[in-house]
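Engineer: Pasting a structure below so you can have a look.
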Amino acid sequence: MLNFRNSIIGFALLLATMYIAGFFMPVSSWLYAAAVSAFSGALVYGSVRICAGFYIRSWCSGNRNSREVAITFDDGPDEQVTPLLLDLLKEYEVQAAFFLVGEKAERYPSIAIRSCREGHIIGGHSYSHHKWFDLFSRKRMEAELKKTENVILNHTGNKIRLFRPPYGVTNPNLARAVRNAGFYSIGWSLKSRDTVIHDEQLLLRRITKKVRSGDILLFHDTMPHMLPVMKELISYLKEQNLKVVRLDKLLNIDAYAGNK
Ligand SMILES: [Zn+2]
């Protein structure tokens, strides 16, 4: 399996083989360059493809034969969009997962509390969602994870166990921080791209064309144009006999420590 550890071992073995071969035959410096670029390519691929499980295993889909899907939202709580989304989800009796930015949860605790009260689950999505989060040290990342965990615990009483890496980027520091904090890393299998596609029909078509059993759908409850799309999507899923279940149920894992 291509992961960080295996890539390092493979790369070290390759360099050692080329070095030893150099005693018996000329080894072109191009071969060394090719080995280094293949290794670098693997590292970059592993960083941006969360579901490759390169640095840490991430949960990206459920059972593909289940006729079930889960809907998840990142980057909230948002003062404007999240309450409207909660109204909509309540109306359609859909339970979702919200990956909260700790700093926003601290600012709008009543929205986080409402989400839990209405049967949704919440997880962490870092405290700051800083644009350079991926370059933070392991210690700084871990501090953000813990801070977010405490904010949510203090306001909702739930000790979160699910974490979605900001921007879906993983690396060795993030992997260690997530492991040390005892979280599950959560990815997705279908990204709506609601942060870049602002045409509602286009957005809806993109999702309905691709959605299938076991999918984890990714949206952002900071995007107001996502609301009418969500309404249409829920009806579409029902027509297709695809049941929306909560993420923890789709994956059969506990969202909170102590089974809360
Ligand atoms: Zn995010």
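The numbers here are math on the coordinates, done by the rules we state, and not lab data. From a predicted model like this one, the values you see are computed outputs, not experimental measurements. Glycine also receives a Cβ, built like all others from the backbone with ideal geometry; neighbour counts cover every protein chain displayed.
Engineer: Any chance you could give the angle, 0 to 90 degrees and rounded to 10, that helix 4-21 forms with the longest Cα principal axis of the chain?
Structural biologist: Taking Cα atoms only, the helix is inclined about 10 degrees.
Engineer: Using only Cα atoms, find the angle between the long axis of helix 172-181 and the longest principal axis of the chain, and express it within 0 to 90 degrees, rounded to the nearest 10.
Structural biologist: Here the helix axis deviates by roughly 50 degrees.
Engineer: Roughly what % antiparallel, to the nearest 5, for the DSSP beta bridges in the chain?
Structural biologist: 10
Engineer: Going by a 4.7 Å Cβ-Cβ cut-off, which cysteines of the chain have no partner at all?
Structural biologist: Cys with no partner Cβ under 4.7 Å: C116.
Engineer: Mind listing the long-range amide H neighbours of F219? Cut-off is under 5 Å, sequence gap 5 or more, other chains count too, H placed in the peptide plane at 1.01 Å from N.
Structural biologist: T72, F73, D74
Engineer: Would you work out which of P26, P77, S37 lies farthest towards the positive end of the dipole of the range 1-127? Charges go on Cβ: Lys and Arg +1, Asp and Glu -1.
Structural biologist: Result: P26, furthest along the dipole toward the positive end.
Engineer: Using Cα springs under 10 Å in a Gaussian network model of the chain, which residue among S28, S37, S66 shows the largest mean-square fluctuation?
Structural biologist: S28
Engineer: Oh, and also: Once Lys and Arg get +1 and Asp and Glu get -1 on their Cβ, which of L88, G62, F99 lies farthest toward the positive end of the dipole of the range 58-107?
Structural biologist: Final value for the positive-end residue is G62.
Engineer: While we're on this one: Please list 3J(HN,Hα) in residue order for the range 80-87, calculated via the Karplus relation 6.51 cos²θ - 1.76 cosθ + 1.60 where θ = phi - 60°; whole Hz, with x for glycine and proline.
Structural biologist: Result, ordered by residue: 8, 6, 4, x, 5, 5, 4, 4 Hz.
Engineer: Mind ordering 189-201, 211-223, 239-251 by average Cβ neighbours within 10 Å, highest first? Write down the numbers at each step before the final one.
Structural biologist: Values: 189-201: 16.0, 211-223: 21.1, 239-251: 17.8.
Per-residue Cβ counts within 10 Å, averaged per peptide and sorted highest first, yield 211-223, 239-251, 189-201.
Engineer: Would you grab the residues whose amide H sits under 5 Å from the one on S66? Only those 5+ places off in sequence or on another chain, please, with H modelled 1.01 Å from N.
Structural biologist: Placed amide hydrogens put G214 under 5 Å from S66.
Engineer: For the range 75-104, which GluC sites (Glu not before Pro) pass both filters: DSSP loop (anything but H, G, I, E, B) and at most 14 other C-beta atoms within 10 Å?
Structural biologist: Loop-located and lightly packed - E79, E93.
Engineer: Could I ask something else about it? Along the charge dipole of the range 66-174, Cβ charges K/R +1 and D/E -1, which of C116, G168, L135 sits furthest on the positive end?
Structural biologist: Selected residue: L135.
Engineer: Report, in listed order, any pair from K159/K249; K159/K191; K104/K249; K191/K231; K147/K249; K210/K243 with a Cα-Cα distance greater than 20 Å.
Structural biologist: As for pairs spanning more than 20 Å Cα to Cα, those are K159/K191; K104/K249; K147/K249.
Engineer: Magnitude of the Cβ-charge dipole of the chain, K/R +1 and D/E -1, about the Cα centre, nearest 20 debye? If you can, show how the numbers build up before the last one.
Structural biologist: Numbers: 34 positive and 24 negative charges, 151 e Å.
Approximately 720 debye in magnitude.
Engineer: With θ set to phi - 60° and the Karplus curve 6.51 cos²θ - 1.76 cosθ + 1.60, what are the ³J(HN,Hα) couplings of the range 194-207 in order, to the nearest whole Hz, using x for Gly and Pro?
Structural biologist: Per-residue couplings from phi come out as 5, 7, 10, 9, 9, 7, 4, 5, 5, 5, 4, 4, 4, 6 Hz.
Engineer: Karplus couplings for the range 67-78 from phi (6.51 cos²θ - 1.76 cosθ + 1.60, θ = phi - 60°), rounded to Hz, Gly and Pro as x?
Structural biologist: Values, residue by residue: 6, 10, 9, 10, 10, 10, 10, 10, 6, x, x, 10 Hz.
Engineer: Could I ask something else about it? Quick check on the chain: take the gyration tensor over C-alpha atoms, sort the square-rooted eigenvalues as a ≥ b ≥ c, and tell me if it's rounded (a/c under 1.5), prolate or oblate.
Structural biologist: In terms of gyration-tensor shape, prolate.
Engineer: Additional query: Quick one: which residues, 5 or more positions from L100 or on another chain, have an amide H under 5 Å from its amide H? H modelled 1.01 Å from N in the peptide plane, none for Pro or chain starts.
Structural biologist: When sequence neighbours closer than 5 places are left aside, the close amide H contacts are G123, G124, H125.
Engineer: If you don't mind, there's one more thing I want to ask. Label the range 183-234 by shape, choosing from rounded, prolate and oblate, from the square roots a ≥ b ≥ c of the eigenvalues of the Cα gyration tensor; if a/c is under 1.5 it is rounded, and otherwise prolate applies when a/b is larger than b/c, oblate when it is not.
Structural biologist: Because a/c hits 1.5 or more and a/b fails to exceed b/c, the range 183-234 counts as oblate.
Engineer: Now for a different question. What shape does the range 127-225 have by the C-alpha gyration tensor, where a ≥ b ≥ c are the square roots of the eigenvalues, rounded means a/c under 1.5, and otherwise prolate means a/b greater than b/c and oblate the rest?
Structural biologist: Prolate, because a/c is 1.5 or more and a/b exceeds b/c.
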